[in-house]
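Taken together, the values in this text are just the output of simple stated rules run on the coordinates, not laboratory data. Predicted model only: the values in this text are computed from it and were never measured. No Cβ is skipped: glycine too gets one built from the backbone with ideal geometry, and neighbour counts run over all protein chains shown.
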Amino acid sequence: MDEDELKGLIATPAIENEEPRLEETPPAAEAEAAPAAAEGDTPDDPARGSEGTSVAEADANDRQVPLLILLDERDRRRAAEKALADLKARDTTPQTPDPAEALQQALYEQNRRSSRRFAEQVHGKDVIAQVHDWAAAKCDADPLFNQLMRTSDDPYEAAKQAWDQDQILTQVKPADL
């Protein structure tokens, strides 16, 4: 029985989709190792190479992973990292709000609703609808105004006063003063 038959009996059957293992000897290295074992330089020990190391030790030192396998592995790793980053970026699971923040938001919403009801009774629904639209656009454009409305005890009354001032400024020109 020769060496190839022994390896065939000992080796486990390879799965077609299985990744090549780094510790396996590439076929080219096996072909180079076989002639070295047959040619042994020393007559006392035919299994010795020219440097005095055994052929088995030389095989272990000569094992190298082919460059294409390394490049392929690098590309797959980069693709997996990119996919993970994309998945993390798309993560839209709602975060549970802090109880204190949830309470503050609920109090603000309640204050806003009651402020709107009182403002509609005093100024009328049509005027308050105009004020609401104007204030919503102003809050989107001006973070300071938005903060002012959020901290106000009566946000619709404060918005109505700011709207009145804005209406006066649009009607009165600097030359009129």
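Would you work out if region 71-128 is rounded, prolate or oblate? Take a ≥ b ≥ c from the square roots of the eigenvalues of the alpha-carbon gyration tensor; rounded if a/c is under 1.5, else prolate when a/b is larger than b/c, oblate otherwise.
Note, shape of region 71-128 comes out prolate.
Mean projection of the alpha-carbon convex hull of region 99-176 over all orientations, in nm²?
For the Cα atoms of region 99-176, the hull's average projected area reads 5.9 nm².
Cut-off under 23 Å on the C-alpha distance; same-chain residues fewer than 8 positions from Lys138 excluded. Which lysines are left, in chain and number order?
Lys125, Lys160, Lys173
Can you sort Tyr108, Tyr156 by how many other beta carbons sit within 10 Å, fewest first?
In increasing order of surrounding Cβ atoms, one gets Tyr108, Tyr156.
Once the other residues with Cβ under 14 Å from the Cβ of Asn111 are scored (Lys, Arg +1; Asp, Glu -1), what is the net sum?
Once positives and negatives cancel, what remains is +1.
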